[in-house]
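Inspection log for the structure reproduced underneath, given as structure tokens.
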């Protein structure tokens, strides 16, 4: 789990809300792990389903956008290089679409 160690923890997220306000508004969930840094705050939970087909749910806690990943998708992430993920880090590809920015 990653948390900011130093610096200003009141940095604003993309929606302009301080990360502390986002965290304070969360409903308690003992199964959720919160991972954050100065740029993002994400909740991760394991969704169990029948037949051993659990999925990992990853949720952007600012926008509530979420994805559930199965074992094959997670294995692919384990094999990915950081360069493979670079396109996902560009907010203009998905997060800013239709916002006028």
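We did not get these values from a lab; they are worked out from the coordinates using the rules stated. The structure presented is a predicted model; accordingly, all values stated were derived computationally and were not measured.
Counted over the range 19-93, the DSSP beta bridges are approximately 100% antiparallel. Based on the Kirkwood approach, the hydrodynamic radius assigned to the range 19-93 is 14.0 Å, with every pair of different Cα atoms included. Using 0.36 nm per residue and subtracting the Cα-Cα separation, the extra length available between residue 49 and residue 81 on full extension is 8.6 nm.
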